[in-house]
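Notes follow the structure.
The values are calculated or read from the model by the stated rules, or taken from the named source; none is laboratory data. Note that the structure is a prediction, hence the values are computed from the model and not measured. Cβ sites come from the backbone with ideal geometry, for glycine too, and all protein chains shown count toward neighbours. We work out accessible area using only protein heavy atoms, side chains counted, and drop any ligands, DNA or RNA first. Shrake-Rupley method; radii C 1.70, N 1.55, O 1.52, S 1.80 Å.
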Amino acid sequence: MGKELVAFASRKGRLTSLKDADSLILYNMDTHNMEEIANPLRKGMSRLEEFFEERDPSVLFVTSIDEETEYIVEENGVHVIKAGKKSISDLIDELFITGIEDGVKD
């Protein structure tokens, strides 16, 4: 079994829309490690699709996403979940009960 990754659209450590995100936070559900990647959508849809192929997250959390982009994301096998704006470390704590204290740094 491969890594179980979840992606979060992030702007300064808070959940945001994919379009407004500075980065994507990859969270490994098995190891509880986080990795911050510059938002590939800023370099075009093809770069976002490459990101999904290379990293293979199962879920993408966003505050909002346009229909066309959501369709493309889900065509790449990534389930989109819309949630309210909040700290990504708080959201991870709520979802995975990890006790992360430091969170993602700017």
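One table, with the values for the structure above:
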| quantity | calculated |
| --- | --- |
| The stretch 86-106 residues that are of a type in the set (D, E, K, R), paired with ones that are at pLDDT 85 or above and open to solvent by 100 Å² or more (accessible area, probe 1.4 Å) (beta carbon under 8 Å, 6 or more apart) | K86/R14; D106/K12 |
| Meets criteria (in contact with a His (Cβ under 8 Å, 6 or more places away or on another chain), of a type in the set (A, V, I, L, M, F, W, C) and farther than 20 Å from K12 by Cβ) for V73 | no |
| Residue match in the stretch 37-56 (condition: touching a residue at least 40 places away in the same chain (Cβ under 8 Å) and within 12 Å of I88 (Cβ to Cβ)) | no |
| Single condition G103 does not satisfy, out of (1) in a loop (DSSP other than H, G, I, E, B); (2) on the phi < 0 side of the Ramachandran plot; (3) surrounded by fewer than 18 Cβ atoms within 10 Å (Cβ to Cβ); (4) modelled with pLDDT under 95 | (2) |
| Candidate set: the stretch 1-10, residues that are touching a residue at least 12 places away in the same chain (Cβ under 8 Å) and over 14 Å from I92 (Cβ atoms); chosen: the one farthest from the chain's Cα centre (by Cα) | G2 |
